[in-house]
1. What is the sum of charges, Lys and Arg at +1 and Asp and Glu at -1, for the other residues whose Cβ falls under 9 Å from the Cβ of A:Ala65?
2. When ligands, DNA and RNA are left out and all protein chains stay put, how many square angstrom of accessible area per residue does the stretch B:138-290 have with a 1.4 Å probe?
3. Would you calculate, for chain B, the mean residue ellipticity at 222 nm contributed by helices, counting each DSSP H stretch of 4 or more residues as -39,500 (n - 2.57) and dividing by all residues, to the nearest 500?
4. Provide Rg and Dmax in Å for the stretch B:238-321, with only Cα atoms included in the calculation.
5. Quick one: which residues, 5+ away or cross-chain, put their amide H under 5 Å from the amide H of B:Arg188? H built at 1.01 Å from N.
6. How large is the charge dipole for the stretch B:1-159, taken about the Cα centre, if only the Cβ atoms of Lys, Arg (+1) and Asp, Glu (-1) carry charge, to the nearest 20 debye?
7. Hey, what D do you get for the protein assembly as shown in µm²/s if you plug the Kirkwood alpha-carbon radius into Stokes-Einstein at 10 °C and 1.306 mPa s?
8. Using a 1.4 Å probe and counting only protein heavy atoms, how much accessible surface gets buried when A and B come together, both sides summed, in Å² to the nearest 100?
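The values are calculated or read from the model by the stated rules, or taken from the named source; none is laboratory data. In this text the structure is predicted, and so the values were computed from the model without any measurement. Cβ sites come from the backbone with ideal geometry, for glycine too, and all protein chains shown count toward neighbours. Accessible surface is based on the protein model in full, side chains and every heavy atom, while ligands, DNA and RNA are left aside. Shrake-Rupley method; radii C 1.70, N 1.55, O 1.52, S 1.80 Å.
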Amino acid sequence: MIKTKVTIKNKLGMHARPATMLVKAASKYRSDFKIIKGDMEINGKSIMGVMTLAAEQGSELELVADGVDEEHLIKEITTMFENKFDEE
Amino acid sequence: MKTMQLKTLFHEMKDEFSLNLLTKQSTLEKNISNPYINRPGLALAGYFERFSYDRVQILGETEISYLQSLKPEKLYDRIKEVLTYDIPAVFITKGLSVPDQVVFLANEMKIPIITTRITTNKFYYLLGKYLDEIFAPTKTIHGTLVELFGVGILLTGKSGIGKSECALDLVERGRRLIADDAVKIVLRDDVLMGTSTNDYGHFMEVRGVGLIDVERMFGIHAVRVQKRIDVQVELMPWRDNLDYERIGLTDNIVDILGKKIPIIYLPVSPGKNISVVIEVIAMNYILKTYGYEAAKEYTARLQQDLKNKAKMRKLRMDDKE
């Protein structure tokens with residue numbers, strides 16, 4: 001199991017487009033993937049779940065991956081956060 | 001290009017249009033290859049530039065009275081000139097009588113002259129509609145057509161994926177079946193119409209059972225003869241890594257006979273109740289037609305929420321009091 005913390009850097013926050021990007025990327029892997037924000041814990045492969053977080057710019061999220069390809073999953077997802085989901 | 005035998009038109013519509021052939025029976029050996037109609041007034045007056053001779057010609061009261069006003073020699077020459085063109089057929093409306101010379105010449109040139117008892121305007125409309133139907137682009141697609149809440153849904157997908165079973169489930173829920181296995185599609189007035197390829201009933205093959213008669217089994221309310229096709233739903237086996245639509249902000253479009261309609265790629269796996277999803281697709285289509293798109297509404301609310309939150313966070317950080 002890997003845990004890592006990320007911060008949302010893009011201006012618009014976790015809206016529909018980045019949420020779709022994230023879920024599509026995560027769904028490729030076999031590991032379980034959870035995202036934790038405060039007292040909310042959601043399945044990172046569920047689009048409604050990710051959007052329910054309503055994570056705005058500057059908020060902090062904890063990514064938890066558990067499974068055979070957990071490292072690859074976390075690597076791809078954290079890169080997405082760093083690249084601001086190709087947004088401003 | 002499609003063609004139609006004039007003979008077929010004559011025999012099919014003889015009673016409905018009250019048609020009567022003035023020329024010899026052999027003149028009916030002609031083909032119509034143009035769905036449009038022409039009124040050859042100018043050609044009769046001697047102007048042959050851009051004369052649409054390949055269309056069916058209609059002569060009404062005006063044309064006939066003009067012909068009657070001509071001197072016999074002039075009439076002969078003019079008609080002869082008109083009939084040198086390869087005209088598919090000449091229709092005379094209102095049961096008007098034609099000068100004998102015209103019939104004689106038409107027999108010579110092997111061009112049929114047919115009278116109808118219907119008035120010019122009405123016949124123009126009826127014949128146009130009939131030819132439109134004959135010349136309309138058609139296509140037969142492997143699929144099942146159902147109607148629910150007034151929305152026509154064309155189910156497609158590989159054999160054995162469960163199209164018929166899905167239709168059966170929908171019929172049991174009070175929806176209607178139009179055609180199973182093969183759907184004949186006609187593009188008419190920019191609308192895709194689907195019907196069955198046969199007209200002897202709504203039969204369906206259910207794997208492991210054999211043929212069933214849907215109309216007998218579920219009642220007359222379970223079937224329908226034709227329906228406009230609004231949405232195509234392609235059923236496909238569930239695959240883990242395939243990119244399925246998650247939010248629904250973008251519409252996929254399919255082109256059928258040049259008309260574009262939305263298509264939904266629906267993953268199917270054992271134990272999933274597809275008919276409920278099909279009903280949801282139909283209702284969502286209605287909502288979209290009325291201007292309500294759930295995906296847009298949701299994402300707009302989410303974006304507003306994110307904006308507000310970011311603003312509050314900034315306010316808190318800037319607050320030094």
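1. -3
2. Working: 8220 Å² over 153 residues.
Per residue, the stretch B:138-290 has 54 Å² of solvent-accessible surface.
3. Estimated from H runs of four or more residues: -11000 deg cm²/dmol.
4. Final numbers for Rg and Dmax: 19.6, 69 Å.
5. Here the answer is B:Met193, since their amide H atoms fall under 5 Å of that of B:Arg188.
6. On the way: 19 positive and 17 negative charges, 32 e Å.
In debye, rounded to 20, the stretch B:1-159 gives about 160.
7. 58
8. Using a 1.4 Å probe on protein heavy atoms, the buried area is about 1500 Å².
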